[in-house]
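Participant: Just dropping this structure here.
The values are calculated or read from the model by the stated rules, or taken from the named source; none is laboratory data. As the structure is a prediction and not an experimental result, all values here were calculated from the model. When we count neighbours, we look across all protein chains shown, and the Cβ atoms used for this are built from the backbone with ideal geometry, even at glycine. Please note that ligands, DNA and RNA were not included when accessible areas were found on the heavy atoms of the full protein model with its side chains. Shrake-Rupley method; radii C 1.70, N 1.55, O 1.52, S 1.80 Å.
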Amino acid sequence: ARRAVEYSGRSPAPLAAYARLLGAAGAHDEARAVRAALAARGAGEHVASYLLAVAELGSGDADATLAHLERAVAARDPHVAFLHREYYFAPLRDDPRFRALVSAVGLATGG
């Protein structure tokens, strides 16, 4: 994942995935640092809320992750079309707020 970040020129999508993987590996401080750097880039360029939600998963903060997903749904980010199937968000599937977002997009909840 680290090489993907470098090969991509630190593109937002690989950075988001890297932050999520760092969190899954227990490196929460490093995950938060990568997520913060990605969010800071949003001041000068577009960084999709969906990607910030993926990155936020590394912090373990469900509230922040869902807030980013709410913004992604409101912005009609095309990635939300896969929200009900995206394995990244499996830890949130039973959260009523996540289910409401999936429903708001017009998707059936599923695993």
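Participant: Take the chain, connect every pair of alpha-carbon atoms lying under 10 Å apart with a spring to form a Gaussian network, then pick out the residue of GLY23, GLY58, GLY42 with the largest mean-square fluctuation.
Facilitator: Evaluated over the chain, the most mobile residue of the options is GLY42.
Participant: Round to the nearest 10 and report in Å² the accessible area of TYR87, as given by a 1.4 Å probe over the protein chains' heavy atoms.
Facilitator: 140 Å²
Participant: Using a Gaussian network model on the chain with a 10 Å cutoff between Cα atoms, which of ALA74, ALA17, ALA53 fluctuates the most?
Facilitator: Looking only at ALA74, ALA17, ALA53, the largest GNM fluctuation is found for ALA74.
Participant: Mind checking which of ALA31, ALA39, ALA90 has the largest fluctuation in a GNM of the chain, springs on alpha carbons under 10 Å?
Facilitator: Of ALA31, ALA39, ALA90, the Gaussian network model singles out ALA90 as fluctuating most.
Participant: Another question, if that's okay. Mind checking the angle between helix 96-105 and the chain's longest principal axis? C-alpha axes, 0 to 90 degrees, to the nearest 10.
Facilitator: 80 degrees
Participant: Going by alpha carbons, how many degrees (0 to 90, nearest 10) lie between the helix axis of 28-41 and the longest principal axis of the chain?
Facilitator: 90 degrees
Participant: Let me ask another. Nearest 20 debye, what's the magnitude of the dipole of the chain about its Cα centre given +1 on Lys and Arg Cβ and -1 on Asp and Glu Cβ? Walk me through the intermediate numbers first.
Facilitator: Working: 13 positive and 12 negative charges, 46 e Å.
Charge dipole of the chain: 220 debye, to the nearest 20.
Participant: Same structure, new question: From the square roots a ≥ b ≥ c of the eigenvalues of the alpha-carbon gyration tensor of the stretch 13-111, which class results: rounded (a/c under 1.5), prolate (a/b over b/c), or oblate? Mind dumping the intermediate values first?
Facilitator: Values: a/c = 2.15, a/b = 1.36, b/c = 1.58.
Oblate shape, in that a/c is at least 1.5 and b/c is the bigger or equal ratio.
Participant: Then there is this: Around SER49, what is the net charge, scoring Lys/Arg as +1 and Asp/Glu as -1 over all other residues with Cβ under 12 Å from its Cβ? Walk me through the numbers on the way to the answer.
Facilitator: Working: positive: ARG71, ARG76; negative: GLU56, GLU70, ASP77.
Counting the neighbours of SER49, the net charge comes to -1.
Participant: Ok, one more. In whole percent, what relative contact order does the chain give with Cα contacts below 8 Å and a gap of six or more residues?
Facilitator: Working: 139 pairs, mean separation 22.3, N = 111.
Relative contact order comes out at 20 percent.
Participant: Once both labels are modelled 7 Å past Cα along the beta-carbon direction, what's the ALA64-ARG97 spacing in nm?
Facilitator: Here the modelled spin labels are 1.3 nm apart.
Participant: So what's the back-of-envelope 222 nm ellipticity for the chain, counting only DSSP H runs of four-plus at -39500 (n - 2.57) apiece and dividing by all residues, rounded to 500?
Facilitator: Values: 6 runs with 64 residues, N = 111.
Per the formula, -17500 deg cm²/dmol.
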